[in-house]
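Below is one structure, written out as structure tokens; the observations come after it.
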Amino acid sequence: MEYTLYLDNSNVFIEGQKVSAVRKRMAKYVGEKDARGKQIHDTSYRLDFGKLIQITCGFQASVNKAKLYGSRPPTHDTVWDMAKEKGFELIIFDKSYYGKEKKVDSTIVMNMTEDVLINLDPKTDQIVLIAGDADFIPVVQRAKQKGFSVKVAFWNHASHELKQEASEFQNLDSHLNDLSYYRGKK
């Protein structure tokens, strides 16, 4: 099996910072009335993209392609460089005039749909979506209708409906420390 990954960077990164904040007792839980609503993040938490591929696809997995979607990072940010070094194709968008991230989810859906209908084969390709929004339910359903296995990997607070729709859901909460990259130490 060859794996094709689609990673919503800010979604998995920001939500991972919230999970880490809860783990470090900076917040009681991730929900609207605590970490999410109060914007509590562990800003020291960073994702190790190589480990993310290993944990979601397996240590010996053959990765056909890995795409990382998100907003243009600050010029001094090295996270995207690390992702590129680990084999991710970078799909970067400028934020809106109001500083909001736009086009990411819709581009992931468009790319997945195109791959499911044209570029991939359900006999040889496995899809891994690393995102947690319910926006992805229609494309997951379509991929499954075409015979694909669709693994969704995200933090436990992912959309309940998305978890249910996936062929497999991988809860990343138990891998929080394994997925971390801290400058100067691991």
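Couple of notes before you dig in:
- Charge dipole (Cα centre; +1 on Lys/Arg Cβ, -1 on Asp/Glu Cβ; no other charges) of region 83-186 amounts to roughly 320 debye.
- Checking every one of the chymotrypsin sites (Phe, Trp or Tyr not before Pro) in region 84-186 against DSSP loop status and a limit of 14 other Cβ atoms within 10 Å picks out Y97, Y98.
- Mean projected area of the Cα convex hull of region 129-181, taken over all directions, amounts to 3.6 nm².
- Positive-end extreme of charge dipole, region 1-77 - chosen from A35, A61, P73 (charges on Cβ): A35
- Mean-square fluctuations from a GNM of the chain, with a 10 angstrom spring cutoff on Cα atoms, peak among D34, D42, D125 at D34.
- Kirkwood hydrodynamic radius over Cα pairs of region 80-185, then Stokes diffusion coefficient at 10 °C and 1.306 mPa s, in µm²/s: 103
- Our analysis of region 14-55 gives Rg over Rh at 1.06, with the two radii drawn from alpha carbon positions and Rh computed by the Kirkwood formula.
- Computed about its Cα centre, the charge dipole of the chain is approximately 660 debye, with only Lys, Arg, Asp and Glu carrying charge at their Cβ.
- Of A134, L179, I118, farthest towards positive along the dipole that unit charges on Lys, Arg, Asp, Glu beta carbons give region 108-186: L179
- Taking 20 Å as the limit for the C-alpha separation, the pairs K33/K163; K51/K151; K24/K100; K38/K151; K33/K102 exceed it in the case of K33/K163; K24/K100; K38/K151; K33/K102.
- Note on region 106-160: Rg/Rh from C-alpha atoms, Kirkwood Rh, equals 0.95.
- Placing +1 on the Cβ of every Lys and Arg and -1 on the Cβ of every Asp and Glu, with nothing else charged, gives region 1-109 a dipole about its Cα centre of roughly 440 debye.
- Helix-only mean residue ellipticity at 222 nm for the chain, each DSSP H run of n ≥ 4 adding -39500 (n - 2.57), per residue, nearest 500: -9000 deg cm²/dmol
Values in this text are rule-based calculations from the coordinates and carry no lab data. Everything numeric in this text was worked out from a predicted model, so none of it was measured. Quick reminder, even Gly has a Cβ in these numbers, built from the backbone with ideal geometry, and neighbours come from all protein chains shown.
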